[in-house]
Structures are given as structure tokens and as C-alpha cells.
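Engineer: The structure is given below, and queries will be raised subsequently.
A short reminder: the numbers here are calculations on the coordinates, not readings from a lab. On a predicted model such as this, the values are computed, not experimentally measured, just so you know. Here the Cβ positions follow ideal geometry from the backbone for every residue, glycine too, while neighbour counts run over all protein chains shown.
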Amino acid sequence: MEKLSAAQARRPEAIGQEAIVQGWIRTRRDSKTGFSFLELNDGSCFGNLQIIAPASLPNYETEVRRLTAGCSVRVEGLIKASPGKGQATEMEAQKIIILGWADPESYPLQKKQHSFEFLRTIAHLRGRTNTFGAIARVRNQLCRAIHDFFQQEGFLYIHTPIITASDCEGAGAMFQVTTLNLETPPRNEGGRVDYTQDFFGRPTYLTVSGQLEAETLACGLGKVYTFGPTFRAENSNTPRHLAEFWMVEPEMAFFELEDTMDLAERNLKYIFRHLLEKCPEDMEFFRQRIDPTVIDTLQQILESRFLRVSYTEAIDILLASGRSFEFPVSWGKDLQAEHERYLTEQHFQSPVILYNYPRTIKPFYMKLNDDGRTVRAMDVLVPKVGEIIGGSQREDRYDVLLERMKEQGLNIENYWWYLDLRRYGTVPHSGYGLGVERVLQFVTGMANIRDVIPFPRTPGNAEF
RNA sequence: UCCCCGAUAGCUCAGUUUGGUAGAGCAGGCGGCUGUUAACCGCCGGGUCCCAGGUUCGAGCCCUGGUCGGGGAGCCA
């Protein structure tokens, strides 16, 4: 007998087939006229497979009638058209084997809504809920869409290192990686820790971005992207930050900033279209239970062109808005969350690409404009979530880059290889970073980033 | 890291204003009813009121400190 997933068994084509399905019970409803309804979910799709368990089953009274949420079962039976509403098919069970009981007195999940705060404390079980099942499936399709998009665009998928010796990549505090004994580290004559005895013979860290390494490969292979975990040791406690998150970083030789904005727009639209096509049930769940606007918002975005607004124009818009912001607006200061929200949610009511930021608020690697005051940076801002893409054209002139590195106090010796890219056959090139969890938040409407990754890492929290 | 808010049954919460040692719904058990579908109806069991001090005849409630969680801010994706 063939094993079917719940997704397969729910399709009308399966009617008439004898099959085995396996999964976890969501709920049981007894009918006194000689059978029970079981809702079985195996994660293969949002919906449950309805099992009809007749009282004639030998273990009906002893076992089937004791099934509660969370129990795991194997069911053999016949898939039939369902006379009830709510599902096309159902399985009439011929045999039900209980694989594992779930004591209802202690099993934490019930057939009701739980708070996301509570579910976070049982992250090992929350994948069995509607919401986290839907997120896992959307996350999967999101990653697939990312790969499909870049492959179709002719990019090479490359792997950049997780462990890096760059002491600063312009993106915040880092986690140190060491095999030294922290209780009694070796010391040199000056009394400082002797890192020549560490595993790599020098201080090393978890990467905060694969960008610099991606640049080296782009300057030889053309269009590349890296996609992996990224680590930030910032003490950030917000619904939009994780200490460990996933990021896609395309890097393109011979791309100017305008090419990059176009790519970012195609990239996001490709993802949104893919998710609407591949996850209609899950997206409908998010629309009904999480945020009623998610589907409409994505569809509107697909039909419109992203606006491109320079930082200077954005400042003018904010100043002319007549709004009183908590943080005053002035040219040269970075935009605050409230400013970005005003632009995306009030003024434009759509995603916006801001570009040409003041040099003083951006990292060393961004290309200086001819005005000497701004750099070729671009951020894609979306309503509610804020920045989901940050990118730039990279500085490709050796002298200018060296000057900016000194300006920002970098240890030049660690970046000799990065400077070499400008010393030998330098080319204009650009890239950006796309935060996977931020995109997931945007498309699902989930308010807290800790609920779009299975095992969130945040300050003080590394359970599971 | 800063500023607010919160922690009461397995879960979601009320009770805090005005101190007098706890309630509802859901979940669970039992019974009823029904091709049901977050099923429905009745009964029952279930609490270290986050922790440690303090005030008081008496603290879930007031005070102090801590722990954990949430929201906002900064940093950023």
C-alpha cells in the first residue's frame, strides 16, 4: 500500500485509492452513530486530512477514543470523496496504529490559539501548530525563490566563510571564535592574551556579512550570491533583530547603483509572486489570522514600480510634511525608524528605494559620489518592517577607498586582500544584502522576528 | 544598553483602583447529543497568585530588590 502525504491524500485525484498516511492528531470528534472523526496533520500542507474511524476497528474503544492532540498515528484506509463541507476528500480507516501517545494532562499544545510568547518557550513543539507550519512552508519557498531568481539571472551561488578574521566589516559587534581556555588564556610579555596560540593564530569572529569575500569572487566571476547565516553580537532587543539570521548577498561586477536598484526590485517581486503562487493556503491563513492586508499588499507591489527617492529628496519631504518627529530631521543625520515609517506608510504608501546617503553615516566601502558629500548607497524600505535590503555601489578607486578606511579607523593590514581588488583590474561593482527573516515578516505579517525562524537567537536566549 | 508595561489554573485572562488567603472561558475526566469540522450541552477535578525580603492583626493586591516576558528607542538585515 502506498504511503501518501496529507497534501496528496487531500487532492480529489486520490479518491478511490487505498493508502497509508502518518502524522499527528490535531483533534478528535466522536459521533455516537458509530465512528469518530480524526484530524490528521503531517506538515505537508496547511489543511488536515479528515480520518473516519469506524467503531468496528478492533482498537476503537481501547485506543482510538483516547486519541488527543499531539498523538502520532499510522492509518491505513480508503480515500473517498467527503460528504461533509470543508474538505474534498477523507480517509475511511481500516487500521489505526498508535505510534506515540501525548498525555493531554501535560502536552502543552491544545486545539486553540496560544500566544506567540508561550509558543516561543516550547519552540521544539511549535512546528506542530498552524502558524509555525505555515511559516516553515513559506520560509522554504522563499529560499527556493531566492535560488531560482539568482540562477535565472545568471548568478553563481558561492559560499563565503562563517569564520572571519576581519575585525570589522562595517556592520556591528561580532562574536569571537576561540579555542583558548577563557579561564587561563596564554599571555604574552605585555600581559595581553597571546592569540598566536589560538586555533587560527589570530583573533577570529563569526561573520557579520559575506560581502567583502563576495566582492573578491564577483571581481573574477561576474555575478555571484552568497546565502547563509550571519551573526551580530549587538545587544538588540527588538521585534526586528536576531543575533543569528539568514542573509542573501548578491554581488555584481560591472553593476552601477541604478542596475542594482533594478535587480533588487526584480528580486523582491520574483519572491512575492512565487510565494503567492506556491503557498496560497498558507498565505490565506496569514491574511485571515495574522494581518488582513498581506495578500493585497503583495499584489499591489507586483503591479507598481518601486519609487526611487534620493536621501536629499526624502529629507525635503520630511521637512515639508509639517510633522513633528521625536528626532528632528536635518540633512546629514541618519533617518530614524519614525522617518522611514512616515515615508513608506504615510507619504508614499508603498516600498521606496532611498539612495545617495551622506558619506558620514555609511560604511567605508560605499562609492563616493562626485559631490564629495554622498555615497552610492541604496536601501529598500517597506511599510511596517522598514529596511529589508541595504546595498551600495562599492568604492572601486584604490586611493579613495584607502582614505575612507583610515577615516573610519580600520586596521588596514587586515584588508590588504580587499585593497588588492582595486590595485589589480578594478571594476565598478555593486551588491546588497537581503534579510530573509525581514522578508518573511513582511510577507506573513508576523510582528516578531523571533516567530519567523525556528530557533531564534537573541540576547540571553539560546535555548533549544 | 535606555524608557515604559506585565507575570494569577495546562492555556488565555479577570480580580490590584478601595488589603480580609481566588474566578471565568478553553483544555482534561465522566455523561449526553450529533456526518462532525476551533462541534455543541451538563457535571467534576485542577492554584507555591514569578522569586526574595519588608509594611500590616492580615498581602494576589502596598513597598524594596531580583528574574523572566512584551512594547518603544538605538544599532542594523
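Engineer: Could you calculate the contour length gain from A:Glu277 to A:Ala136, that is, 0.36 nm times the residue separation minus the distance between their Cα atoms, to one decimal place in nm?
Structural biologist: 49.1 nm
Engineer: Now, a different point. What ranking do A:15-22, A:156-163, A:48-55 get when scored by the average of other Cβ atoms within 10 Å per residue, highest first?
Structural biologist: In descending order of packing, they fall as A:48-55, A:15-22, A:156-163.
Engineer: Using a Förster distance of 51 angstrom, determine the FRET efficiency expected from the C-beta separation of A:Glu153 and A:Lys112, and round it to 0.05. Could you put the intermediate results ahead of the total?
Structural biologist: On the way: r = 45 Å, r/R0 = 0.88.
Given R0 = 51 Å and the Cβ-Cβ separation, E is 0.70.
Engineer: Dipole of region A:130-217 (Lys/Arg Cβ +1, Asp/Glu Cβ -1, origin at the Cα centre): which of A:Leu142, A:Gln211, A:Thr184 lies farthest to the positive side?
Structural biologist: My answer, from the dipole projection, is A:Leu142.
Engineer: Still on this structure, I have one more. Quote the Stokes-Einstein diffusion coefficient, in whole µm² s⁻¹, for region A:166-222, based on the Kirkwood radius over alpha carbon pairs, a temperature of 20 °C and a viscosity of 1.002 mPa s.
Structural biologist: Estimated via Stokes-Einstein, D reaches 160 µm²/s.
Engineer: Over the Cα atoms, compute the radius of gyration (one decimal) and Dmax (the largest Cα-Cα distance, rounded to a whole number) for chain A, in Å.
Structural biologist: Gyration radius and largest Cα-Cα distance of chain A: 26.8, 86 Å.
Engineer: Moving to a separate point now. Once you place label points 7 Å from the Cα toward the Cβ at A:Ile15 and A:Tyr398, how far apart are they in nm?
Structural biologist: Roughly 7.4 nm, to one decimal.
Engineer: Going down the table (A:Lys3/A:Lys95; A:Lys362/A:Lys406; A:Lys80/A:Lys278), which pairs top 19 Å between alpha carbons?
Structural biologist: Over 19 Å apart, Cα to Cα: A:Lys80/A:Lys278.
Engineer: Right, here's the next one. Region A:11-45 to region A:358-396: how many Å between their Cα centroids?
Structural biologist: With region A:11-45 and region A:358-396 each reduced to a Cα centre, they are spaced 53 Å.
Engineer: In bins 5 Å wide, starting from 0, what share of all Cα pairs of region A:214-293 does each bin hold, as a percent?
Structural biologist: Binned Cα distances yield the sequence 3, 12, 12, 15, 17, 19, 14, 6, 3, 0.
Engineer: Continuing with this model, one more query. For region A:199-245 and region A:176-194, write down the distance between their C-alpha centroids in whole Å.
Structural biologist: Here the two parts' Cα centres lie 25 Å apart.
Engineer: Relative to the longest principal Cα axis of chain A, at what angle does helix A:211-221 sit, 0 to 90 degrees, rounded to 10?
Structural biologist: 80 degrees
Engineer: Sticking with this one: Once every DSSP H run of n ≥ 4 in chain A is given -39500 (n - 2.57) and the sum is divided by its residues, what mean residue ellipticity at 222 nm do you get, rounded to the nearest 500 deg cm²/dmol?
Structural biologist: Details: 12 runs with 127 residues, N = 464.
After summing the helix terms and dividing by the residues of chain A, the value is -8000 deg cm²/dmol.
Engineer: Quick one: if the Förster radius is 60 Å, what FRET efficiency do A:Ser31 and A:Asp194 give, using the C-beta to C-beta distance and rounding to 0.05?
Structural biologist: Calculated value: 0.20.
Engineer: For A:Arg323 and A:Gln408 in the same chain, what is the full-extension length gain: residue separation times 0.36 nm, less their Cα-Cα distance, in nm?
Structural biologist: This chain segment gains 27.2 nm when fully extended.
Engineer: Let me ask you something else. Can you give me the long-range amide H partners of A:Met247? Hydrogens built in the peptide plane at 1.01 Å from N, cutoff under 5 Å, separation of 5 or more residues or another chain.
Structural biologist: A:Gly228, A:Thr230, A:Val436
Engineer: Between Rg and the Kirkwood Rh of region A:53-95, both from Cα atoms, what is the Rg to Rh ratio? Walk me through the numbers before you get to the answer.
Structural biologist: On the way: Rg = 11.5 Å, Rh = 11.6 Å.
Ratio value, two decimals: 0.99.
Engineer: Taking just the alpha carbons, could you work out the radius of gyration and Dmax for region A:331-464, both in angstroms?
Structural biologist: 17.8, 51
Engineer: Between A:Lys3 and A:Ser310, with labels modelled 7 Å along Cα→Cβ, what's the label distance in nm to one decimal, could you check?
Structural biologist: Each label point lies 7 Å from its Cα, and together they span 6.1 nm.
Engineer: Would you mind computing, in nm to one decimal, how far apart the modelled labels at A:Asp370 and A:Arg266 are, each placed 7 Å from Cα along Cα→Cβ?
Structural biologist: For the pair A:Asp370/A:Arg266, the computed spacing is 2.7 nm.
Engineer: With Rg and the Kirkwood Rh both taken from Cα atoms, where does Rg over Rh land for region A:1-45?
Structural biologist: When Rh is taken as the Kirkwood radius, the ratio is 1.01.
Engineer: With the Cα gyration tensor of region A:220-361 in hand, convert its eigenvalues to equivalent ellipsoid semi-axes via √(5λ) and list them largest first in whole Å.
Structural biologist: Over the Cα atoms of region A:220-361, the semi-axes work out to 26, 23, 19 Å.
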